[in-house]
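A.B. asks: Starting off with a structure, shown below.
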């Protein structure tokens, strides 16, 4: 197991030198910062890496929030305006169906069903400015078979 | 002209303010409530807060902008790109208020603003156009018949369109109705006009555009081409000049067409005529796509290879001066490439990102120009285009320009908001891009480039060690902090080993 040596760079409070203790010549300059959620952002070797705050779930780009067993609560990934609501309560939807259209930074962003299910609640309307993390649609798990 | 109001924000407003100062013109900025401490505001002599947050409450409000010019004694308005730059109502309002508009006449903007009308004008002027036809979205049978006549794949486009909005590719009849509905919705929302037309999709075509400039005396020249084939969903990502496929003969032919297109609508000021190009060498054919009646985002690559400052040229023309150089006096030297740095998460479907820029450090090196519109500590607001900055690398040769870009992106540090910087590095490293063998669908055909590469073996260990120490210090070490920190004594949290490589 390598032991890493992290040293501040004088006069530049964001910049650090990371090296192997046993081989001080093999060093990299790292620029780092901690965001308000406690994630550490690093720039190493021309690449950016985000280390999540301890105890935080890993942000997973592929899985919409709440995917998996039980009711899924769908949220916007960023501040956005609701431009279309495609479902109402009790609608049966298939995985991948578009539930809402959001617009953010001039882009149309669809919010899709993470799994088959029944819409339990729609908590937004066209024109709403929505913040990330605020529930917009609640989706109950279910297939055509068990919902019938 | 003494005092110029810049009706825009971000990097282009900063770039125009710089040109104003070079000309000893005073600068008036306008801003929304979200932009009160943005760099374009800090770059100005005076600022008028338009209020609001969304573009329609602020940068798109012509009445408030004209009123701001009056209130601050500005005698000219520069629209930048985007926002009101292609709205003929702005030059008209300027004329009514006795202000100089730094851009083309309203008639030329209006003629080119309707893609359908522009096509008809161009065909009449003998300019070759991509086969296309206007459609009535309510007439499903008519739309289907039009698509059949053109031949699939087709593009559904908004007549008032631009920037890829209101545009959909359709590969067969089954997808046509949904695409027309989506394009109409998007076009109506974005431009207040849901008029659509269909165009044959030229598979494998390159997007090559020609920069033109026309003065008020009637002279019109072209300043060569820009290759903009690297687009993602019709949004340009990487541009270069010259085009790697260009021959002097084709440049001259396209330049002549572009000048004819501009003259056909009585164009004045700088503008860009976009073409699709099929084939290479002597057999290459070019088709008129549209004309952008404004300064382009990618104008710096033309500046780099011609030595002409296009914003100064805009001011010269607006002041009534003749073009400072004749058509045959334009020369091209070397090669330039531009990368657009966006606040977006490529691995997350290229979702636009908002948030605080904890660290923002632009690269600086020989042959590297950065046109930035943000500053460290600023919150990137969610209401506008997510462009943070443009990096332009130039050199005597294309390979050296590419190498300079690679190093510039490598040393560009943006932390706190996800960006496409690492994605751009992967795109540039691809052999097709290195060879210049790309077309307009190339980026969309390479979605794998959006995914983060696994980090090199040592990097994860380094990242964990650095993150532990940085977290312990709240992100910053004081200047008084001396000594080193061994990371081994930090209890490893299992989640810390799950860091996500962004880009």
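A.B. asks: Name every residue in region B:171-182 that is in contact (Cβ under 8 Å) with a residue 24 or more places away in the chain and closer than 16 Å to residue B:152 by Cβ, in order of residue number.
C.D. replies: Matches in region B:171-182: B:173, B:176, B:177, B:180.
A.B. asks: Next question, about the same structure. Within region B:137-177, how many residues are within 14 Å of chain A (Cβ to nearest Cβ) and either outside any loop (DSSP other than H, G, I, E, B) or surrounded by fewer than 21 Cβ atoms within 10 Å (Cβ to Cβ) (or both)? Before the answer, list the steps.
C.D. replies: Within region B:137-177, the first condition is being within 14 Å of chain A (Cβ to nearest Cβ), and the residues that meet it are B:158, B:161-168.
Then drop every residue that is not either outside any loop (DSSP other than H, G, I, E, B) or surrounded by fewer than 21 Cβ atoms within 10 Å (Cβ to Cβ) (or both), which leaves B:158, B:162-165, B:168.
Qualifying residue count for the region: 6.
A.B. asks: Is it the case that some residue within region B:266-276 is surrounded by fewer than 18 Cβ atoms within 10 Å (Cβ to Cβ) and either more than 13 Å from residue B:209 (Cα to Cα) or within 14 Å of another protein chain (Cβ to nearest Cβ) (or both)?
C.D. replies: Residues of region B:266-276 that are surrounded by fewer than 18 Cβ atoms within 10 Å (Cβ to Cβ), as a first pass: B:266.
With the extra rule that they be either more than 13 Å from residue B:209 (Cα to Cα) or within 14 Å of another protein chain (Cβ to nearest Cβ) (or both), the set shrinks to B:266.
Checked against the condition, which is being surrounded by fewer than 18 Cβ atoms within 10 Å (Cβ to Cβ) and either more than 13 Å from residue B:209 (Cα to Cα) or within 14 Å of another protein chain (Cβ to nearest Cβ) (or both), region B:266-276 yields at least one hit.
A.B. asks: Hey, does region B:93-101 have a residue that's buried (at least 19 other Cβ atoms within 10 Å of the Cβ), in a helix (DSSP H, G or I) and over 22 Å from the mean Cα position of the chain (by Cα)? Break it down into steps so the answer makes sense when it comes.
C.D. replies: So in region B:93-101, the residues buried (at least 19 other Cβ atoms within 10 Å of the Cβ) come out as B:93-94, B:99-101.
Subsequent filtering for residues that are in a helix (DSSP H, G or I) retains B:93-94.
Keeping just the survivors that are over 22 Å from the mean Cα position of the chain (by Cα) gives B:93-94.
Yes, that holds for at least one residue.
A.B. asks: Here are some conditions: (1) at pLDDT below 95; (2) out of contact with any helix residue (DSSP H, G or I) (no Cβ under 7 Å at 6 or more places or on another chain); (3) over 22 Å from residue B:80 (Cα atoms). Residue B:347 meets all but one. Which one does it not meet?
C.D. replies: Answer for residue B:347: the failing condition is (2).
A.B. asks: Which residue pairs have Cβ atoms under 7 Å apart, sit 6 or more places apart or on different chains, and have a first residue in region A:101-125 that is closer than 25 Å to residue B:53 by Cβ and facing chain B (nearest Cβ under 8 Å) and a second that is modelled with pLDDT under 85 and in a loop (DSSP other than H, G, I, E, B)?
C.D. replies: These pairs meet every condition: A:104/A:78; A:104/A:79.
Each row is one residue, and each column tells you yes or no for (1) farther than 30 Å from residue B:327 by Cβ; (2) part of a loop (DSSP other than H, G, I, E, B); (3) in contact with a helix residue (DSSP H, G or I) (Cβ under 8 Å, 6 or more places away or on another chain).
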| residue | (1), (2), (3) |
| --- | --- |
| B:179 | yes, no, no |
| B:188 | yes, no, no |
| B:197 | yes, no, yes |
| B:203 | yes, yes, no |
| B:209 | no, no, no |
| B:213 | no, no, yes |
| B:218 | no, yes, no |
| B:222 | no, no, yes |
| B:226 | no, no, yes |
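A.B. asks: Further, regarding this structure: Taking region B:62-80 only, how many residues are surrounded by 21 or more Cβ atoms within 10 Å (Cβ to Cβ) and on the phi < 0 side of the Ramachandran plot? Before the answer, list the steps.
C.D. replies: Of region B:62-80, the ones surrounded by 21 or more Cβ atoms within 10 Å (Cβ to Cβ) are B:65, B:68-69, B:74, B:76-80.
Subset that is on the phi < 0 side of the Ramachandran plot: B:65, B:68-69, B:74, B:76-79.
Final tally of qualifying residues: 8.
A.B. asks: For region B:289-298, name all the residues that are touching a helix residue (DSSP H, G or I) at 6+ places or on another chain (Cβ under 7 Å) and surrounded by 24 or more Cβ atoms within 10 Å (Cβ to Cβ).
C.D. replies: First, the residues of region B:289-298 that are touching a helix residue (DSSP H, G or I) at 6+ places or on another chain (Cβ under 7 Å): B:290-291, B:293, B:295.
Within region B:289-298, B:291, B:293, B:295 meet the criteria.
A.B. asks: Go through the residues of region B:142-155 one by one and say whether even a single one is without any contact (Cβ under 8 Å) to a residue 24 or more places away in the chain and touching a helix residue (DSSP H, G or I) at 6+ places or on another chain (Cβ under 6 Å).
C.D. replies: no
A.B. asks: Run residue B:108 past the list (1) touching a residue at least 40 places away in the same chain (Cβ under 8 Å); (2) over 22 Å from the mean Cα position of the chain (by Cα); (3) part of a helix (DSSP H, G or I) and report the number of the one that doesn't hold.
C.D. replies: In the conditions (1) touching a residue at least 40 places away in the same chain (Cβ under 8 Å); (2) over 22 Å from the mean Cα position of the chain (by Cα); (3) part of a helix (DSSP H, G or I), residue B:108 misses (2) alone.
A.B. asks: What are the residues in region B:373-382 that are buried (at least 23 other Cβ atoms within 10 Å of the Cβ) and either in contact with a helix residue (DSSP H, G or I) (Cβ under 6 Å, 6 or more places away or on another chain) or farther than 24 Å from residue B:416 by Cβ (or both), if any?
C.D. replies: B:373
A.B. asks: Same structure again: Does at least one position in region B:454-462 carry a residue that is more than 20 Å from the chain's Cα centre (by Cα), facing chain A (nearest Cβ under 10 Å) and crowded, with 23+ Cβ neighbours inside 10 Å?
C.D. replies: Yes, that holds for at least one residue.
A.B. asks: Only helices (runs of 4 or more DSSP H) wholly contained in region B:366-448 count here; list those with 3 or more residues that are within 14 Å of chain A (Cβ to nearest Cβ). Spell out how you get there, then give the answer.
C.D. replies: Details: elements: B:398-410, B:421-429, B:431-435.
Output list reads B:398-410, B:421-429.
A.B. asks: Considering each of A:37, A:14, A:25 in turn, give the residue that is free of Cβ contacts under 8 Å to residues at least 24 places away in the same chain, closer than 22 Å to residue B:419 by Cα and more than 7 Å from chain B (Cβ to nearest Cβ). Break it down stepwise before answering.
C.D. replies: Working: A:14 fails: more than 7 Å from chain B (Cβ to nearest Cβ); A:25 fails: closer than 22 Å to residue B:419 by Cα.
Going through A:37, A:14, A:25 in turn, the sole match is A:37.
A.B. asks: Among the residues that make up region B:450-472, is at least one of them under 30 Å from residue B:167 (Cα atoms) and not in a helix (DSSP H, G or I)? Spell out how you get there, then give the answer.
C.D. replies: Step one: filter region B:450-472 for residues under 30 Å from residue B:167 (Cα atoms), giving B:450-452.
Still in the running and not in a helix (DSSP H, G or I): B:451-452.
Yes; the residues of region B:450-472 include at least one that is under 30 Å from residue B:167 (Cα atoms) and not in a helix (DSSP H, G or I).
A.B. asks: Any residue in region B:335-358 that is under 18 Å from residue B:451 (Cα atoms) and within 7 Å of another protein chain (Cβ to nearest Cβ) sitting within a Cβ distance under 8 Å of a residue that is modelled with pLDDT of 95 or more and part of a helix (DSSP H, G or I)? List the pairs, counting only those 6 or more apart or interchain.
C.D. replies: If the second residue must be modelled with pLDDT of 95 or more and part of a helix (DSSP H, G or I), the pairs left are B:347/B:450.
A.B. asks: Shifting gears a bit: Just one of B:388, B:357, B:415 is within 28 Å of residue B:165 (Cα to Cα) and either out of contact with any strand residue (DSSP E or B) (no Cβ under 8 Å at 6 or more places or on another chain) or crowded, with 23+ Cβ neighbours inside 10 Å (or both); which is it?
C.D. replies: Working: B:357 fails: either out of contact with any strand residue (DSSP E or B) (no Cβ under 8 Å at 6 or more places or on another chain) or crowded, with 23+ Cβ neighbours inside 10 Å (or both); B:415 fails: within 28 Å of residue B:165 (Cα to Cα).
Of the residues listed, the single one that is within 28 Å of residue B:165 (Cα to Cα) and either out of contact with any strand residue (DSSP E or B) (no Cβ under 8 Å at 6 or more places or on another chain) or crowded, with 23+ Cβ neighbours inside 10 Å (or both) is B:388.
The values are calculated or read from the model by the stated rules, or taken from the named source; none is laboratory data. All figures in this text were calculated on a predicted structure; none of them were measured in a lab. Please note: Cβ atoms are built from the backbone with ideal geometry, for glycine as well, and neighbour counts cover all protein chains shown.
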